[in-house]
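K.L.:
This structure is in C-alpha cells; I'll ask about it shortly.
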Amino acid sequence: MEIKAFLQEVTTRRGLPGDEGPVAQWVAERFSEYCDEVRVDAMHSVVGRIKGEGPRLAFVAHLDEVGLMVTNIEEDGSLRLGQVGGIDPRILPGMRLKVFGLETLPGIVGAKAPHLLSQEERSKAQTLGDMYVDLGLAPDKVKELVRVGDQVQLEQRFVDLKNGRVASKTLDDRCCVAILYRAMQLLEGLKHQADLYFIASSQEEVGGRGAMTSAFHTEPDMAMVLDVGFAHQPGCDREVTRNLDAPLNTVGPYLNPVLTKKLEDIAKQIKVSLQKEVAPRGTGTDTDEVSASRSGVPSVLIGVPVRNMHTAVEVLDLSALEEAARLVAHFAAAARTAWEEELWN
C-alpha cells in the first residue's frame, strides 16, 4: 500500500482517546505485513517488532484523534458537547459529525442563527455551550440510542489539493503512523542491526498514556518519537511555524544531544533537509513520556508540519512524509550497539 493510500484509509478509522480499538486493529493488520511480531496492548497501542540483535530502538507515533463527547441530551433531543482533546469550538458550526451511540448516527452542529442573536451575544465568540448536535430524530429515539459519554468524531473528508498536498482530519498524528509504515517498506532494502519496535500509541491527546505504558513494556535503549508541528499560514507567528514541504527536527532539554547529532548526520548523508524546531522545556508530545520511562530513554523527535491543526481540514505535503520515512528507515539501519556507550558518556 502506498503512503497516500495508507493515509486516506487510516484517517477514516474511529480512534478517539480511550476508544482506539478500531483504528488499532487496522494499523496492526498493516504493520503485520512487515513486522515479525505485532500486538495490540490493553491501552489500544499497536506494537510491531522487526527483530534484530542490537540495541532496542523504538519509533513512536500516536494513533488517537481529537474529538468530542456527549455531555447532555436536551428535551428536544439535541446533544450538548464536551471536548476529548483540544478542539477550538470556532471550527464546529455547520460541521457534520458521527455520534457513536448504540448505532453510529450522522449529525450536524447547529448554533443560533445570527438573526436571532441579541446585541450582547453578537459581541461574544461562540462557545461549545452555545452549540448542539442535531440528529434529525425524535427526542425519544435520541434518548434510546444515545447516552451521555458517547463519543463524537469530526467529519472525514480527504481532499486532494494541488502540488502534492492533501487535507483531512486526524493527520495529527496518523500521518506519522503512515511514516512508520512507509519506513518498514524501505527497510526491506536495507540491513539493520537494532531490534526495532514500531509503536502506534494511544491516548496522546489526553496525556501520553499509551506511550508511557508501551515504553515501559518494550524497554527501549533509545527512541525516536514522531509528531506534527505547525506550518506557516496566514496570521501565524513565523518564529514558531515552519515550511510545509520538509520534515522537522526538534532540539531542547528533553532531547538527547548525541542522538540528535547522529540524526542530523544521517539526514545529511541521505540528503534529507531538516527544519529545526526548539522546545525550551517539554515538547508536548509522546517524547516527554517515553524519555522518562523506567531509568530513562535517550530520545529524538522528528515530524512534519501541518496547517490547521486539530481541525477537519489539516493540510500537509506528501513529499515531507516520504522524506521523513526515508530518514526513519536509514536511522533504523544505522543504529548500532556502540551507540549506547556514546549516549551515556
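The values are calculated or read from the model by the stated rules, or taken from the named source; none is laboratory data. As the structure is a computational prediction, the values presented were derived from the model and not from experiment. Here Cβ is always computed from backbone atoms with ideal geometry, including for glycine, and neighbour counts include all displayed protein chains. To get the accessible areas, we keep the full protein, side chains included, count just its heavy atoms, and leave off ligands, DNA and RNA. Shrake-Rupley method; radii C 1.70, N 1.55, O 1.52, S 1.80 Å.
K.L.:
State whether one or more residues within the stretch 213-220 are touching an Asp or Glu at 6+ places or on another chain (Cβ under 6 Å), more than 30 Å from VAL166 (Cα to Cα), open to solvent by 80 Å² or more (accessible area, probe 1.4 Å) and in contact (Cβ under 8 Å) with a residue 60 or more places away in the chain. Outline the logic, then answer.
P.N.:
Of all residues in the stretch 213-220, those touching an Asp or Glu at 6+ places or on another chain (Cβ under 6 Å) come to none.
No, that holds for no residue.
K.L.:
Given the options LYS143, LYS98, name the one that is basic (Lys, Arg), assigned to a strand (DSSP E or B) and open to solvent by 50 Å² or more (accessible area, probe 1.4 Å).
P.N.:
Values: LYS143 fails: assigned to a strand (DSSP E or B).
Just a single option satisfies the conditions, and that option is LYS98.
K.L.:
Would you point out the residue of the stretch 83-134, among those that are out of contact with any strand residue (DSSP E or B) (no Cβ under 9 Å at 6 or more places or on another chain) and of a type in the set (Gly, Ala, Ser), that is nearest to GLY284 (Cα to Cα)? Let's see the steps before the verdict.
P.N.:
Kept after step one, since they are out of contact with any strand residue (DSSP E or B) (no Cβ under 9 Å at 6 or more places or on another chain), are these residues of the stretch 83-134: 86, 88, 90, 102-103, 112-127, 130.
With of a type in the set (Gly, Ala, Ser) added as a condition, the list becomes 86, 113, 118, 123, 125.
Values: GLY86: 12, ALA113: 37, SER118: 39, SER123: 33, ALA125: 27 Å.
Of everything passing the filter in the stretch 83-134, GLY86 is nearest to GLY284 (Cα to Cα).
K.L.:
Would a scan of the stretch 262-285 turn up a residue that is among the β-branched types (Val, Ile, Thr), closer than 20 Å to PHE198 by Cβ and in contact with a Cys (Cβ under 8 Å, 6 or more places away or on another chain)?
P.N.:
Looking through the stretch 262-285, none of the residues is among the β-branched types (Val, Ile, Thr), closer than 20 Å to PHE198 by Cβ and in contact with a Cys (Cβ under 8 Å, 6 or more places away or on another chain).
K.L.:
Which residue pairs have Cβ atoms under 6 Å apart, sit 6 or more places apart or on different chains, and have a first residue in the stretch 227-252 that is in contact (Cβ under 8 Å) with a residue 40 or more places away in the chain and in the same structural domain as VAL177 (by TED's automatic domain parsing) and a second that is of a type in the set (Gly, Ala, Ser) and in a loop (DSSP other than H, G, I, E, B)?
P.N.:
The qualifying pairs are ALA246/SER273; THR250/ALA279.
K.L.:
On the basis of being more than 19 Å from VAL38 (Cα to Cα) and assigned by TED's automatic domain parsing to the domain that holds GLY101, does LEU145 make the cut?
P.N.:
On the way: more than 19 Å from VAL38 (Cα to Cα): yes; assigned by TED's automatic domain parsing to the domain that holds GLY101: yes.
Yes.
K.L.:
Output the number of the condition that GLN193 fails; it satisfies all remaining conditions of (1) within 18 Å of the chain's Cα centre (by Cα); (2) surrounded by fewer than 23 Cβ atoms within 10 Å (Cβ to Cβ); (3) not basic (Lys, Arg).
P.N.:
Evaluating GLN193 over (1) within 18 Å of the chain's Cα centre (by Cα); (2) surrounded by fewer than 23 Cβ atoms within 10 Å (Cβ to Cβ); (3) not basic (Lys, Arg) leaves (1) as the failure.
K.L.:
Open to solvent by 10 Å² or more (accessible area, probe 1.4 Å), modelled with pLDDT under 95 and of a type in the set (D, E, K, R): does that describe ASP237? It would help to see each step written out before you state the result.
P.N.:
Numbers: open to solvent by 10 Å² or more (accessible area, probe 1.4 Å): yes; modelled with pLDDT under 95: yes; of a type in the set (D, E, K, R): yes.
Criteria met by ASP237.
K.L.:
Determine whether ALA223 is aliphatic (A, V, I, L, M), open to solvent by 10 Å² or more (accessible area, probe 1.4 Å) and either assigned to a loop (DSSP other than H, G, I, E, B) or under 22 Å from ALA183 (Cβ atoms) (or both).
P.N.:
Working: aliphatic (A, V, I, L, M): yes; open to solvent by 10 Å² or more (accessible area, probe 1.4 Å): no; either assigned to a loop (DSSP other than H, G, I, E, B) or under 22 Å from ALA183 (Cβ atoms) (or both): yes.
Spelling it out, it is not the case that ALA223 is aliphatic (A, V, I, L, M), open to solvent by 10 Å² or more (accessible area, probe 1.4 Å) and either assigned to a loop (DSSP other than H, G, I, E, B) or under 22 Å from ALA183 (Cβ atoms) (or both).
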